[in-house]
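Here's the structure, in structure tokens; my notes come after.
The values are calculated or read from the model by the stated rules, or taken from the named source; none is laboratory data. Small disclaimer: the values here were computed from a predicted structure and weren't measured. Neighbour counts run over all protein chains shown; Cβ positions are idealised from the backbone, glycine included.
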Amino acid sequence: MKIKRILAGIYAANCYIIYTEDEKREAVIVDPGGDYKSIIEEVDNNDLNVKAIVLTHGHADHIGVVVAIKKYFNIPVMIHKDDSEMVKNHALNLSGNMAMGAISFEPDTLLKDGDKIEFGDGYLKVIHTPGHTKGGICLYYPGILITGDTLFEGSIGRTDLFGGDYDSLMGSIKNKLLQLPEDTIIYPGHGGLSTLKKEKMTNPFLRDM
């Protein structure tokens, strides 16, 4: 599995293109929040066969170019069932008050905890991590954890927006993410990479866990 990070849009959300190196070269695009041309160029330059868009949650900075990417590749959009209403409603996903303008669309596949998104010779396991939003998810493959806005290097996702809940977020981190191997690399929705071990040791929100 290979991962390419693209700093997408004016809100600096991380978009990830995750692909296998077998002959199929199948890929998924996670959180295409902006920079449509950069995403297309990365796919074309690596001769990838994109199978789906996967959203870690429904906020505007992570869904900004979903409609355009979906149309270009003719692929499904996947999101956890508890965030499905957000992407249908620009007031809930906050895009109506942001620079990209109002965004709304119908998701194709509703995910749940434990689902496997398979592509090429790899997969991503869905881990439901409510707290930043009700339907926030992380995506896991041994050694790799896409955390969306659940866990960042040195911080955690905010919980003061629609669907947010601090206790739920901390429970998701403690009971799900911190049960994974410590050497797992974190690929967050904003900011730089980290590891679970580093976050356990240095993240001020995790020190008592």
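With the requirement that a residue be in a helix (DSSP H, G or I) and either within 20 Å of Asn14 (Cα to Cα) or not hydrophobic (A, V, I, L, M, F, W, C) (or both), what does region 174-199 give you?
Residues of region 174-199 that are in a helix (DSSP H, G or I), as a first pass: 174-175, 177-179, 196-199.
Hits for region 174-199 are Lys174, Asn175, Leu177, Gln179, Leu196, Lys197, Lys198, Glu199.
The set of residues from region 1-24 being in contact with a Ser or Thr (Cβ under 7 Å, 6 or more places away or on another chain) and within 15 Å of Ile53 (Cα to Cα) comprises just one member, Ile6.
Any residue that is touching an Asp or Glu at 6+ places or on another chain (Cβ under 6 Å) and surrounded by fewer than 17 Cβ atoms within 10 Å (Cβ to Cβ) - is there at least one of those in region 119-130?
yes
Each residue in region 131-155 was checked for being surrounded by fewer than 23 Cβ atoms within 10 Å (Cβ to Cβ) and more than 19 Å from Asn89 (Cβ to Cβ), and 9 pass. Checked against (1) in contact with a Leu (Cβ under 6 Å, 6 or more places away or on another chain); (2) at pLDDT below 95, Asp22 passes all but condition (1).
If I filter region 1-33 down to residues being part of a loop (DSSP other than H, G, I, E, B) and of a type in the set (A, V, I, L, M), which single residue comes out as surrounded by the most Cβ atoms within 10 Å (Cβ to Cβ)? In this case the residue turns out to be Met1.
Only one residue in Ala102, Ala68 is surrounded by fewer than 20 Cβ atoms within 10 Å (Cβ to Cβ) and not in a loop (DSSP other than H, G, I, E, B), so which one is that? I'd like the intermediate steps shown before the answer.
Details: Ala102 fails: not in a loop (DSSP other than H, G, I, E, B).
Result: Ala68 is the single residue among Ala102, Ala68 that is surrounded by fewer than 20 Cβ atoms within 10 Å (Cβ to Cβ) and not in a loop (DSSP other than H, G, I, E, B).
Close Cβ contacts (under 7 Å, 6 or more residues apart or on different chains) running from residues in region 176-200 that are in contact (Cβ under 8 Å) with a residue 60 or more places away in the chain to residues that are among the β-branched types (Val, Ile, Thr) and part of a loop (DSSP other than H, G, I, E, B) comprise Gly189/Thr56.
Here are some residues: Lys125, Lys112. Which one is modelled with pLDDT of 95 or more, over 21 Å from Ala12 (Cβ atoms) and touching a helix residue (DSSP H, G or I) at 6+ places or on another chain (Cβ under 8 Å)? It would help to see each step written out before you state the result.
Details: Lys125 fails: touching a helix residue (DSSP H, G or I) at 6+ places or on another chain (Cβ under 8 Å).
Lys112 is the lone residue from the list that is modelled with pLDDT of 95 or more, over 21 Å from Ala12 (Cβ atoms) and touching a helix residue (DSSP H, G or I) at 6+ places or on another chain (Cβ under 8 Å).
Filtering region 34-53 to residues that are part of a helix (DSSP H, G or I) and in contact with a helix residue (DSSP H, G or I) (Cβ under 9 Å, 6 or more places away or on another chain) leaves Tyr36, Ile39, Ile40, Val43.
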